[in-house]
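Inspection log for the structure reproduced underneath, given as structure tokens.
The values are calculated or read from the model by the stated rules, or taken from the named source; none is laboratory data. In this text the structure is predicted, and so the values were computed from the model without any measurement. Methodologically, a virtual Cβ is constructed for each residue, glycine included, from the backbone with ideal geometry; neighbour enumeration extends over all protein chains shown. Quick note on the areas: whole protein, heavy atoms, side chains included, nothing else; ligands and nucleic acids left out. Shrake-Rupley method; radii C 1.70, N 1.55, O 1.52, S 1.80 Å.
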Amino acid sequence: MEVIENRAEWQRRFVEGWLHHYQTTGEIKWDLYNRPDNKTAPAGKGVVLHQSRLVLISSAGGYWAPQQAAFDAENDLGDYTIRTFPVSTPPEQIAFAHTHYDHTAVNDDQQVLLPLGHLQDLVSEGAIGELAPQVISFMGYQPDAGQVVDTTIPAILTATKEMNATAALLVPS
């Protein structure tokens, strides 16, 4: 199954429409943006959560500030890289580089986008088998869906496999 149905057509419309307008004018014009319009959602087999190793994936642009570079939040074309950091990272060492959402709630309580405490509680209660040792984070502002499929998703899958995760929770920003 294709992650983006009719990808070549989507890419053509993206390049000739939104991207061309941006490159010509420097203006981001979202009414020109054509979102992928899949008719079938990609799916996989179910998991038994209380027997699973769950990896937390967040699109909030979180990174381990003392150890990692921030995402390129000012790049109008997006940042397609990922960061991983230990689930035990102290909250005060996690920063958020993403300029395309209101940070009020996450600044008040990081659990709204990085629910590590809640997930640890679910592990303690036996609802989740265990947490993978690292959080996977990316900046969700990524207008080129083709690059998401070619760059971001493979990096997330590689990190997930390296952690032997059997389940994932994606928390979008």
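Between the Cα long axis of helix 116-125 and the first principal axis of the chain there is an angle of about 40°, rounded to the nearest 10.
Ranking W64, W18 from most to least accessible surface, computed with a 1.4 Å probe over the protein chains only, gives W64, W18.
Placing one equal scatterer on every Cα of the stretch 60-145 and applying the Debye formula, the log10 ratio I(q)/I(0) at q = 0.24 Å⁻¹ is -1.20. For the chain, the square roots of the Cα gyration tensor eigenvalues, ordered a ≥ b ≥ c, give a/c of at least 1.5 with a/b no greater than b/c, which places it in the oblate category.
Residues whose amide H falls under 5 Å from that of N6, counting only those 5 or more places apart or on a different chain, are absent, with hydrogens built in the peptide plane.
Summing Lys and Arg as +1 and Asp and Glu as -1 over all other residues whose Cβ lies under 11 Å from the Cβ of N164 gives a net charge of 0.
Around F138, under 15 Å between beta carbons, what's the net of Lys plus Arg minus Asp minus Glu among the other residues? Write down the numbers at each step before the final one.
On the way: positive: R83; negative: D72, D79, D144, D150.
Surrounding charge for F138 is -3.
In the chain, what percent of the accessible surface is made up of carbon and sulfur (1.4 Å probe, ligands and nucleic acids excluded)? Display every interim value, and only then the final one.
Numbers: 5020 of 9600 Å².
Ligands and nucleic acids excluded, carbon and sulfur reach 52 percent.
Any idea what the dipole of the stretch 1-93 comes to, in debye rounded to 20, about its Cα centre with Lys/Arg Cβ at +1 and Asp/Glu Cβ at -1? Before the final figure, lay out the partial values.
On the way: 9 positive and 12 negative charges, 102 e Å.
Taking the Cα centre of the stretch 1-93 as origin, the dipole is about 480 debye.
Taking Cα atoms only, the orientation of helix 153-162 departs from the longest principal axis of the chain by about 20 degrees. Between the stretch 1-48 and the stretch 49-121, the alpha-carbon centres lie 24 Å apart.
For the stretch 38-145, give the magnitude of the charge dipole about the Cα centre (Cβ charges: +1 Lys/Arg, -1 Asp/Glu; no others), in debye to the nearest 20.
Values: 4 positive and 12 negative charges, 114 e Å.
Rounded to the nearest 20 debye, it is 540 debye.
Computed from the Cβ-Cβ distance with R0 of 45 Å, the FRET efficiency linking R35 to E162 stands at 0.90. Counting only protein heavy atoms and a 1.4 Å probe, the stretch 35-173 has 52 square angstrom of accessible area per residue.
Where Lys and Arg each count +1 and Asp and Glu each count -1, what net charge lies around V123 among other residues with Cβ under 12 Å from its Cβ? For residues surrounding V123, the net value is -2. Pairwise inverse Cα distances across the stretch 11-95, averaged and inverted, put the Kirkwood hydrodynamic radius at 16.8 Å.
Per residue of the chain, the DSSP helices (runs of n ≥ 4 H) give a summed -39500 (n - 2.57) that works out to -6000 deg cm²/dmol at 222 nm.
Our coupling estimate for the stretch 131-143, obtained by passing each phi through the Karplus curve with A = 6.51, B = -1.76, C = 1.60 and θ = phi - 60°, is 9, 4, x, 10, 8, 9, 10, 8, 8, x, 7, 9, x Hz, Gly and Pro reported as x.
When you count the other C-beta atoms within 10 angstrom of each residue and take the mean per peptide, 77-86, 117-126, 93-102 line up highest first as 77-86, 93-102, 117-126.
Whenever you get a sec, line up E27, E16 from highest to lowest accessible area (probe 1.4 Å, protein heavy atoms). Before the final figure, lay out the partial values.
Values: E27 90, E16 115 Å².
Ranked from most to least accessible, the order is E16, E27.
In terms of accessible area, using a 1.4 Å probe and ignoring ligands and nucleic acids, L157, L169 rank largest first as L157, L169.
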